[in-house]
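The values are calculated or read from the model by the stated rules, or taken from the named source; none is laboratory data. These numbers come from a predicted model, not from an experiment. With ideal geometry, Cβ positions are generated from the backbone for all residues, glycine too; neighbour counts draw on all protein chains shown.
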Amino acid sequence: MTTTEIVRWAVAGLLTAVLIWAAATDVRVRKIPNWTVLAVLGLFVVWALVHPLNWDLWALAAGVIGFAVTFGLYSAGLLGAGDSKMFAAVALFAGLGHLALLALATALVGGVIAAVSLVARPTRALVMLRLKGKGDFGRGVPYGVAIAAGAILVVWISVLDLHGPGVSGIF
């Protein structure tokens, strides 16, 4: 195993740990700590330094697109600010080639979490339907969990080289 591979495995492992911490914190207090977003950005710098391809503009473009979309969702009250920052940071790892996979995985996991939440509290679900989403229903879906799951999937696809031929991106 080369030094580059060791560093990539180490970054992926540390990133996984940071994302699990951020997700757990989001479940407990519905906030993603800023230090976890900064840690993801720092890990991306290390990841980028050992990456063999010229990816830099594609990764930055993915981060900007991720931030623009999630900031719009934040502005509409659908996501928290921490969710927006975390998605933009992990989008750097995805690059343009895997940004759609990151978004899809995040949306699917978020949808499952929302569905489980509604099934677990059916009375709350009925009240939400009757009021057509208006009213205070308490804390929403901890979307940090969905973002973490999507990011972990995308990064480990790269590290384990599971993306197959013909798939482009920073990986």
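A few remarks follow.
- Inspection of region 116-125 identifies no residue that is in contact with a Ser or Thr (Cβ under 6 Å, 6 or more places away or on another chain) and either more than 23 Å from Lys85 (Cβ to Cβ) or at pLDDT 90 or above (or both).
- Against the conditions (1) part of a helix (DSSP H, G or I); (2) at pLDDT below 90; (3) within 26 Å of Lys31 (Cβ to Cβ), Ile147 satisfies every one except (2).
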